[in-house]
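Reviewing the structure listed below.
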Amino acid sequence: MIASLHDFCPASSLLSVLTTMRPEGMRGERRGREGHREAETRVPRCCRNLVLHPSDMLSRLVFVSASALKSSGPIGAGVVHASRCLHTSSQSLAPVPPLPEKGGKVRHGFIPEELFQLLYPKTGVTGPYMLGAGLLLYMLSKEIYVINHETFAAASIGAVIIYGVKKFGPSVAAFADKLNEEKVAKAQEVKDVAMSSLAQAIEDEKKEQWRVEGRAMLFDAKRNNVAMLLETNYRERVHMVTNEVKRRLDYQIALQDLNRRLEQEHMINWVEKSVISSITPQQEKESIAKCITDLKVLAKATQAKATA
Amino acid sequence: MAGRRVALKAIDWVAFAERVPPNQRGMFNALKTRSDGISAKLASLPEKPVAIDWNFYRSAVAKAGMVDEFEKKFKALQIPEPTDTQTSTINAQEAEANKSAQAYTEGSKARIAQYEEELAKFKNMIPFDQMTIEDLNSVFPETKLDKVKHPYWPHKPIAEL
């Protein structure tokens, strides 16, 4: 147990204080899949299970040095914290499960909750506090930790830092989260737009295929047009023939009628002319005199009728 | 004389109009007006010609034998049906169109397959919150920062930040 306590050396505990400022900062980064990827030398926060690792410290040293050698992976502007969970079994999970949202629970900012749980069965609630007080007292009394002017400097700085973190921590965290959210939202939007446009494109292609299927109708229409034109032409020809024949027959009839009329008129004129020429002047005088006497008689008759 | 009746096939202009893409609408309208004009012309002509009353003419026309001769010749007359020069062209056009339609459909199917592939890629993507930058680069290759061209941070031209 003590060995596991030493895992959280003071330096790392301070780091975990800082990281609790942004507990959900790690959420966005998933640990890499492959083995020893690039790694900043951060605390392996996912070591939830504090099973005794005999080779813990050593393996971490190896790990750190290996990462220092191999830091050739892409390091984006959005810092990749890809320190790996130390494998607890010989098999590795693939894909590696995502990181927990929040860091491990801590009390007073830097003491992990697991310690309290560990000691609870034996020493109850106050056990770890006693332990802490005892350790502190031991270090002070035996002068393992010497109080000097730097102690007060450290205390003041610590106070200021803690005050700053407590006051401004959440707002800064929220701001940083908002930045991240915006990035993710943008990417999500790109993805959504791409998906919808692809779906639309598929729909359009299907529609175009359906349109293409209707091409037979065009050719049917064309053939129909051709047939109609031919039929029209044929009918026109038939009609033309009939009409022409009719016209010729009618012409004959008209010709006949014309001849008859001409003959008639000619004959009438000839008869008239001959009659008129046969009237002699003597006959003309006589007929005029007769007309005059007839008229006189008629006039007398009408006069008598009128008075009577 | 009217044995060509059966050649006409009923065309559903409404269904046809549905299938016309918007950029060919003008051509379709022209075709329709032309077809309508032709069919109207056809409908205006009676199928059978006006019958000639031979007996009347026989009695009316004085010339002997003329009417009979006309009648005989008229009855014996065979009006040739006009030759169809275009149907073969149309059939050839249709065959060609079928071929090109086939090719287009093939291309369209290939495009659809490609789109579906990309769509599947997007669907099967891991959610953004669980991605690393490497995952992002593998899904969207354009986000990969060119460390060779711009060896110093931010690995892209300042204008693009």
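Worth a mention:
- For A:Lys285, the lysines whose Cα comes closer than 24 Å to its Cα, not counting residues fewer than 8 places off in the same chain, are A:Lys273, A:Lys296, A:Lys300.
- The range A:121-131 - phi-based ³J(HN,Hα) in whole Hz, Karplus 6.51/-1.76/1.60, Gly and Pro as x: x, 8, 10, x, 6, 8, x, x, 5, 4, 4
- Cα shape, chain B, gyration tensor, a/c 1.5 rule: prolate
- For B:Arg34, neighbours were defined as the other residues whose beta-carbon sits under 14 Å from its Cβ, and their charges (Lys and Arg +1, Asp and Glu -1) total +3.
- Prolate/oblate/rounded call for the range A:190-236, Cα gyration tensor, a/c under 1.5 rounded: prolate
- Across the options A:Ile157, A:Gln200, A:Pro170, the greatest Cα extent toward the positive end of the charge dipole of the range A:139-206 (unit charges at beta carbon of Lys, Arg, Asp, Glu) belongs to A:Ile157.
- Counting other Cβ atoms within 10 Å as a rough exposure proxy, the listed residues B:Ile90, A:Ile253 run A:Ile253, B:Ile90 from fewest neighbours to most.
- Peptide B:61-72, shielding by other chains (average Cβ, 10 Å cutoff): 2
- This ranking places A:Leu131, A:Leu230 by how few other beta-carbon atoms lie within 10 Å of each, fewest first, which gives A:Leu131, A:Leu230.
- Applying 1/(1 + (r/R0)^6) with R0 = 60 Å to the Cβ-Cβ distance of B:Ala10 and A:Glu182 gives a FRET efficiency near 0.45.
- Shown here for the range B:29-114: trypsin sites (Lys or Arg not before Pro) in loop regions (DSSP other than H, G, I, E, B) with at most 16 other Cβ atoms within 10 Å, namely B:Lys63.
- Neighbour-limited loop hits for GluC sites (Glu not before Pro), the range B:54-105 (at most 10 other Cβ within 10 Å; DSSP other than H, G, I, E, B): none
- Cα gyration tensor shape of the range A:105-146, rounded if a/c is under 1.5, else prolate or oblate by comparing a/b with b/c: oblate
- Residue pairs, from the table A:Lys191/B:Lys144; B:Lys32/B:Lys109; B:Lys41/B:Lys73, whose Cα atoms sit over 23 Å apart: B:Lys32/B:Lys109; B:Lys41/B:Lys73
- Zone of B:Gln93's modelled label, taken as backbone nitrogen in the range A:203-229 under 18 Å from a point 7 Å along Cα→Cβ: A:212-229
- Backbone N within the range B:66-101 under 15 Å of label point (7 Å from A:Arg260 Cα along the Cβ vector): none
- A:Lys167/B:Ser138 FRET efficiency (R0 56 Å; Cβ-Cβ; nearest 0.05): 0.85
- In summary, the lysines within cross-link reach of A:Lys166, defined as a Cα separation below 30 angstrom excluding same-chain residues under 8 places away, comprise A:Lys102, A:Lys105, A:Lys178, A:Lys183.
No value in this document is a laboratory result; all are computed from the given coordinates. These numbers come from a predicted model, not from an experiment. Counting neighbours? That spans all protein chains shown, and the Cβs are built from the backbone with ideal geometry, glycine included.
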